[in-house]
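Structure first, then comments.
The values are calculated or read from the model by the stated rules, or taken from the named source; none is laboratory data. As the structure is a prediction and not an experimental result, all values here were calculated from the model. Don't worry about glycine lacking a Cβ; one is built from the backbone with ideal geometry, like all the others, and counts go over all protein chains shown. Side chains are part of the model used for accessible areas, which takes the heavy atoms of the whole protein and leaves out ligands, DNA and RNA. Shrake-Rupley method; radii C 1.70, N 1.55, O 1.52, S 1.80 Å.
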Amino acid sequence: MRRRSLLLAVPAGLLTLAGCGDESDKSKSSSSSSPSPSGSTEPTAKIVNGPVPDITAGTKFGEKPTVAKGTGTPSSDLAVKTVIDGSGTVVAKGDYLQADYLGQIWDTAKVFDNSYDRGAPTLFPIGVGQVIPGWDQSLVGKKVGSRVELAIPPALGYGKDGNAQAGIKGTDTLVFVVDIVETYNAKSSAKGKDVPQGNADLPKVGTNTDGKAPSIDVPKKAAPTKLVSEYVIEGDGGVVKDSDQLLVQYKGVLWADGKEFDSSYARDQLAQFSLQQVVKGWAQGLTGKKVGSRVLIVVPPALGYGDNPPQGSSIKKDSVLVFSVDILAKM
């Protein structure tokens, strides 16, 4: 049986993607994530190369595009046009795809959602039914650095019910421009500069970035009594806030004997969580660190599990926990 992360205070399944927001309602737009599935059975698409409306402004990768209104009758198939062909990693089914996007309605050119105004790309699993079928079936196989324009018929969007909150009717063809920023999978690692680990009183963490679990060598010394949070690899991404939801790789061992008790590498699956859902040592240790980094965290009992360790784990009461955490992205 695949082990579930011990770090979450609530089941990971309670974390759900938000639906599209209305462009005219900033409060909805700011909380929007990526296009959510309609809940209907996903049909298989025939992919064609057009027609798609012209992009009239914001034509460079990463710029907010302006897209013309659709002309004529849109295709009943899934229209996919690679506007800019990137040279990065190929997106695979099951990856976490990080992308900027703008969505509008074919007939009216009304923009119903976009990530550019929120100032950060969105991040979501691709190809596994977590977003609308038109996205799942068009973005797998594309390369990081690509800009892709989509014209998605109703059956591959929000279905016959549409999405009333976003002003989408069940007969609307949807137009999206998607900039593929990055893709992450179980082999993803930190990206940055190695930081010297010169304190002999602290564990030493491996600096490999090949997707394999780093080594954690715990010294045969007394454990620190206060929280330790140190860079092993320092990334250059945004600074983590205590309210952020993160995508990470991690490995945890016991200070007492150096034995592993939990690991995303062992599950061959990335972990995602809000810093408000994890043990206090993680929340405090990762806040203020940069995305892209590998961080050593030594968690004293008061900020870990104290005298109430998870049932069925090898963690004993009042254990000091040692973690290597790769901060891959903000969700």
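Of the residues Ala266, Tyr231, Gly198, the one whose Cα sits farthest toward the positive end of the charge dipole of the range 171-269, with +1 on the Cβ of Lys and Arg and -1 on the Cβ of Asp and Glu, is Gly198. Taking a straight line from the alpha carbon of Lys251, these aspartates and glutamates sit under 14 Å away, with near neighbours fewer than eight places off in the same chain left out: Asp217, Glu260, Asp262, Asp268, Asp326. Look at the alpha carbon pairs under 8 Å that are at least 6 residues apart: their mean separation over the length of the range 269-331 gives a relative contact order of 36 percent. Once you've got the GNM for the chain with C-alpha springs shorter than 10 Å, pick whichever of Ala222, Ala79, Ala283 has the biggest mean-square fluctuation. In this elastic network of the chain, the residue with the biggest mean-square fluctuation among Ala222, Ala79, Ala283 is Ala222. Between Val195 and Ala68, the modelled labels are 5.1 nm apart [label points 7 Å from Cα along Cα→Cβ]. Surface calculation, 1.4 Å probe, protein heavy atoms: Thr209 sits at approximately 80 Å² accessible. If one computes P(r) from the Cα atoms of the range 235-331, what percent of pairs lie at distances over 18 Å? Percentage above 18 Å: 43.
How high is the relative contact order of the chain, given as a whole-number percent (alpha carbon pairs under 8 Å, six or more residues apart)?
In percent, rounded to a whole number, it is 16.
Label sites at Ala164 and Asp54, each approximated as a point 7 angstrom past Cα along Cα to Cβ, lie 3.8 nm apart. Projecting the Cα atoms of Ser313, Gln249, Ala120 onto the charge dipole of the chain, computed from C-beta unit charges around the Cα centre, puts Ser313 farthest toward the positive end. With springs connecting C-alpha atoms under 10 Å apart, model the chain as a Gaussian network and identify which of Phe261, Phe273, Phe176 has the largest mean-square fluctuation. Taking springs between Cα atoms under 10 Å, the residue moving most is Phe261. Alpha-carbon geometry of the range 137-266: the Rg and the Dmax are 22.2, 67 Å, given in that order. Ligands, DNA and RNA aside, Lys289 has an accessible area near 30 Å² when probed at 1.4 Å.
A convex hull fitted to the Cα coordinates of the range 92-131 yields 76 cubic angstrom per residue. With the charge dipole of the chain set up from +1 on Lys and Arg Cβ and -1 on Asp and Glu Cβ about the Cα centre, the Cα lying farthest toward the positive end among the listed residues Leu139, Ser75, Val218 is that of Val218.
When shorter helices are ignored and each DSSP H run of at least 4 residues is given -39500 (n - 2.57), the per-residue value for the chain at 222 nm works out to -1500 deg cm²/dmol. With 26 Å as the limit, the listed pairs Lys142/Lys193; Lys220/Lys316; Lys191/Lys221 have Lys142/Lys193; Lys191/Lys221 beyond it between alpha carbons.
Entry note, the range 77-170: relative contact order of 38 percent, from Cα contacts under 8 Å with a spacing of 6+ residues. If one computes P(r) from the Cα atoms of the range 277-331, what percent of pairs lie at distances over 15 Å? In whole percent, the share of Cα-Cα pairs in the range 277-331 beyond 15 Å is 50.
Take the Cβ atoms of Thr225 and Ala120, set R0 to 30 Å, and the FRET efficiency comes out at 0.20.
Counting only Cβ charges, +1 for Lys and Arg and -1 for Asp and Glu, the dipole size of the chain around its Cα centre is about 720 debye.
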